[in-house]
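Beneath this line is the structure, given in structure tokens, with notes to follow.
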Amino acid sequence: MSRQYFADVLTEPVNAAYTTITAITETVLIPTALAAIPANEPRAGKVYELSVGGTITTGAAGTLIITPRYGLVIGGASLGASPTQNYVPSITTAPFIYRCLLIIRSIGLPGANSTVVCTGKWESGGAIATASSQTSVAHCTTGAAVSVDTSVAAGLWIGITASVAPSIIPQWHLWRSLN
């Protein structure tokens, strides 16, 4: 008999924009409470999807790095940081969309004995009427799957690091299980 899974929105989008990101140190994109993974809830083959949209404003030219982590804080298990990507200067309220898939590969005993992989992509607008000026930043788990502890509450922590203070305003999110 086949399994029957249903996609499900795990947290509803909130009714206001999130905190504006202006730091040049790694900062969480949205609160991890909005991308929560309850203890013992993951199972092998489960797929989570996080989508976030909003606007970005840049002053000077700079770089952007995206670092997904399994956990509730910046010290969570890194799931594969993006390469450092340049973005163009003087972008005013350009739209961005970020999409990330977290796949549970295996479930083990309590402790960091379960494995996950993660792939994501950031796309944001560039300079108006300027070809090839949009920003595209992708990341993925490279090599072996990452060991994590699924027996404790966690979340998908998306770190944003910019070299020059931007103004990133996440306006909505969608956190769901695809199966």
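The values are calculated or read from the model by the stated rules, or taken from the named source; none is laboratory data. Here the structure is a predicted model, which means the values were calculated and not measured. With ligands, DNA and RNA removed, areas are computed over all heavy atoms of the protein, side chains included. Shrake-Rupley method; radii C 1.70, N 1.55, O 1.52, S 1.80 Å.
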Å² per residue, accessible surface of the chain at 1.4 Å: 48
Orientation-averaged projected area, Cα convex hull of the chain (nm²): 11.1
Carbon + sulfur, % of accessible area of the chain - ligands and nucleic acids excluded, 1.4 Å: 59
Relative contact order (%) - criterion: Cα under 8 Å, at least six apart; region: the chain: 40
